[in-house]
Amino acid sequence: MFIKSLSLQNFRNYENETIEFSDGINILCGANAQGKTNCAEAIFFLCTGFSPRANKDRLLVRQGQENAQIEGTTDTQYGGVNIRIELNKQDKKSIYINGIAIKKVGELLGNIHSVFFNPAELKLVQESPEDRRRFMNVSLSQMSKTYFYALLRYNKILSQRNNLLKDPDKYLIRETLPIWDEQLSKEAGKIIKARNDFLAEISPIAQEKHATLSGGKEKLIMSTESGYYGGEDEIAYALKQDLALALEKDMRLGFTSLGPHRDDIKFLLNDLDSRVYGSQGQQRTIALSLKLAETELFKNRFNEYPILILDDVLSELDKSRQRKLVELVAGIQTIFTCTHFDRTVFKQNQINKITIVNGRKRKSK
């Protein structure tokens, strides 16, 4: 799976530009604030329908314009796919797959897979459990529409349950809550089971990638902190029982204290908690290893690699880890962004270098 061309109209700092990619290593090179990351962002947006950097679509529309468009042509094992997304300042978007309009973002997921990494992904290791849940949600939603829709339903039910818990009528809460608990637990069972399977599969791969990047000096171990295991029905039943036991506590708190919205992942490096004891360099390598493992997971499940987007990663690694990273992405369409291009890091690899200047591509030497 790879993207062949990307056309941008009034997207971020791009007025009207088309960029062509090779199926191997692509380098988007240029000074800061020229549009390299904007281009990478647009590719990920085509795959998922949302930006990894902006929480409102209107922020993607070029300043002074009302509309923007992203269009990409890709090649997959099942043939070519063309995706066009139109955006406007009212935060509305229209999505077309091979010229046919789709009604839901969920229908976009799974047409093109991608893995996105930039220095902000350090949040995966350093910051809140919400960032680690987001990682699982984005990856699993691309892999499974069932997961995506279960997550949507779960969040809607959770919001309704939390609103009920704030009601001053305690009798109403006790009478009504079991209905919400039944529905919440059913969707939670699907989510937690999928996450458990995901972590069981990705953990040994991430451990292997991390060992390569660190030269075998560090051992990475991942574990989930959900506390629920087994099949979907078993998980749903156990959670429903726990929600009943936590009723008084949840009423005092005014929100739901149990469920997949509280899940977390722990990263141990040489048996020590990486959040507490890991250096920033070690934490960066963990996050990168996780993203590289994610690409292998896509390959295992769909028999082809996703598009791998590595934004400003090389500048954060020493030469040794840069070279090991390039070795690890062999056979994967990879889009690097960088301000400085060092040919020695890529050895004899065939590369497609694209220089970006103020939202325009320039011929590269």
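For the full complex of protein chains and a 1.4 angstrom probe, list ASP311, ASP233, ASP23 by accessible area with the highest value first.
On the way: ASP311 5, ASP233 130, ASP23 100 Å².
The ordering from most to least exposed comes out as ASP233, ASP23, ASP311.
How many angstrom separate the Cα center of the stretch 12-59 from the Cα center of the stretch 146-201? Value for the Cα centre distance between the two parts: 35 Å. In a simple Cβ point-charge model (Lys, Arg +1; Asp, Glu -1; nothing else charged), the chain has a dipole of about 1040 debye relative to its Cα centre. Full extension of the chain segment joining LEU59 with SER315 gains 89.5 nm, where the gain is 0.36 nm per residue of separation less the Cα-Cα distance. Within the chain, antiparallel bridges make up roughly 70 percent of the DSSP beta bridges whose residues both belong there.
Model label points for ASN32 and ARG362, set 7 angstrom from Cα along the Cα-to-Cβ axis, are 1.8 nm apart. The Rg/Rh ratio for the stretch 238-295 is 1.21, where Rg is the radius of gyration of the alpha carbons and Rh is the Kirkwood radius.
How large is log10 of I(q)/I(0) for the chain at q = 0.12, 0.14, 0.15 Å⁻¹ when the intensity is taken from the Debye formula with one equal scatterer per alpha-carbon? Once normalised to I(0) and log-transformed, intensities are -0.95, -1.22, -1.33.
Given C-alpha coordinates of the stretch 289-337, what is the ratio Rg to Rh with the Kirkwood estimate of Rh?
On the way: Rg = 11.0 Å, Rh = 11.3 Å.
So for the stretch 289-337, dividing Rg by the Kirkwood Rh gives 0.98.
Label sites at GLU86 and LYS266, each approximated as a point 7 angstrom past Cα along Cα to Cβ, lie 5.2 nm apart. Taking only the Cα atoms of the stretch 79-196, the radius of gyration and Dmax are 18.3, 58 Å. Based on the Kirkwood approach, the hydrodynamic radius assigned to the stretch 9-120 is 14.7 Å, with every pair of different Cα atoms included. To the nearest 500 deg cm²/dmol, what mean residue ellipticity at 222 nm is calculated for the chain from DSSP H runs of n ≥ 4 alone, each contributing -39,500 (n - 2.57), summed and divided by the residues? So the helix-based figure for the chain works out to -14000 deg cm²/dmol.
With a simple spin-label model that places each label point 7 Å from the Cα along the Cα-to-Cβ direction, the separation between ASN303 and TYR237 comes to 3.7 nm. In this structure, VAL345 and GLU127 have a Cβ-Cβ separation that, at R0 = 25 Å, corresponds to a calculated FRET efficiency of about 0.25. Look at the dipole of the stretch 170-279 built from charges on Cβ: of ILE265, ALA238, ALA194, the Cα furthest out on the positive end belongs to ILE265. Of the residues LEU8, VAL329, ASN88, the one whose Cα sits farthest towards the positive end of the charge dipole of the chain is LEU8 (charges of +1 on Lys and Arg Cβ, -1 on Asp and Glu Cβ, taken about the Cα centre).
The values are calculated or read from the model by the stated rules, or taken from the named source; none is laboratory data. Everything quoted here is computed from the prediction, not taken from an experiment. Counting neighbours? That spans all protein chains shown, and the Cβs are built from the backbone with ideal geometry, glycine included. Side chains are part of the model used for accessible areas, which takes the heavy atoms of the whole protein and leaves out ligands, DNA and RNA. Shrake-Rupley method; radii C 1.70, N 1.55, O 1.52, S 1.80 Å.
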